[in-house]
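Q: I have a structure here, written as structure tokens, and I will follow up with some questions on it.
The values are calculated or read from the model by the stated rules, or taken from the named source; none is laboratory data. Keep in mind that this is a model prediction, so the values were computed, not measured. Cβ sites come from the backbone with ideal geometry, for glycine too, and all protein chains shown count toward neighbours.
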Amino acid sequence: MPKLSNPSYMAKPKSNNSNSNNRPRRDVAPPSPFDQARDEMFQHVMQCGVIGADPAHQGEWFDETMSYLSERFHELTPTQITELRTLGERFAQPAKGSPAARPAADAVSAA
């Protein structure tokens, strides 16, 4: 078998650097207390069955949860706690266009 005399046809050897595009790596900033509280609240909403619950029960659940989150994340301002509650209440609502969002319309159209 003939030996190749022109090495330009060969693939370039990989460098030991795993970041082959030579861009500096950006460090990810740790999440803020607000981000942590928001994520924790969303997890609780999903795990506790708040979605689809009676609105009165949802209100009671959010009252207790906001009290808990304000104690756990003492860095949060009252405005941020209110913002968290608004996000959580929106998150707990059924999706628009879903059957749970419009049961009366379905009953009328079925009749």
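Q: Based on this model, can you work out whether Arg102 counts as out of contact with any Gly (no Cβ under 7 Å at 6 or more places or on another chain) and either closer than 14 Å to Gln36 by Cα or at pLDDT 95 or above (or both)?
A: no
Q: Going by the structure shown, is Gln93 surrounded by fewer than 18 Cβ atoms within 10 Å (Cβ to Cβ), over 17 Å from Phe34 (Cβ atoms) and polar (S, T, N, Q)?
A: Working: surrounded by fewer than 18 Cβ atoms within 10 Å (Cβ to Cβ): yes; over 17 Å from Phe34 (Cβ atoms): yes; polar (S, T, N, Q): yes.
Yes, satisfied.
Q: Further, regarding this structure: Considering the range 34-75 alone, what residues qualify as being outside any helix (DSSP H, G or I), of a type outside the set (Phe, Trp, Tyr) and buried (at least 18 other Cβ atoms within 10 Å of the Cβ)? Even if it seems obvious, please write down each step before you answer.
A: So in the range 34-75, the residues outside any helix (DSSP H, G or I) come out as 48-54, 73-75.
Right, trim to of a type outside the set (Phe, Trp, Tyr) and you get 48-54, 74-75.
Within the range 34-75, Val50 is the sole residue that qualifies.
Q: Are any residues in the range 47-75 touching a helix residue (DSSP H, G or I) at 6+ places or on another chain (Cβ under 6 Å) and among the hydrophobic types (A, V, I, L, M, F, W, C), and if so, which ones?
A: Scanning the range 47-75 gives Val50, Ile51, Phe62, Met66, Leu69, Phe73.
Q: Also, I was wondering about something else. Give me a count of the residues in the range 33-79 that are touching a residue at least 40 places away in the same chain (Cβ under 8 Å) and within 17 Å of the chain's Cα centre (by Cα).
A: Taking the range 33-79 and keeping what is touching a residue at least 40 places away in the same chain (Cβ under 8 Å), we get 33-34, 37-38, 41-42, 45, 50-52, 73, 75-76.
Then keep just the ones that are within 17 Å of the chain's Cα centre (by Cα); that gives 33-34, 37-38, 41-42, 45, 50-51.
Here the count works out to 9.
Q: Are any residues in the range 18-33 surrounded by 10 or more Cβ atoms within 10 Å (Cβ to Cβ) and outside any helix (DSSP H, G or I), and if so, which ones?
A: Restricting attention to the range 18-33, the residues satisfying the condition of being surrounded by 10 or more Cβ atoms within 10 Å (Cβ to Cβ) are 31-33.
Listed by number, the residues that qualify are Pro31, Ser32.
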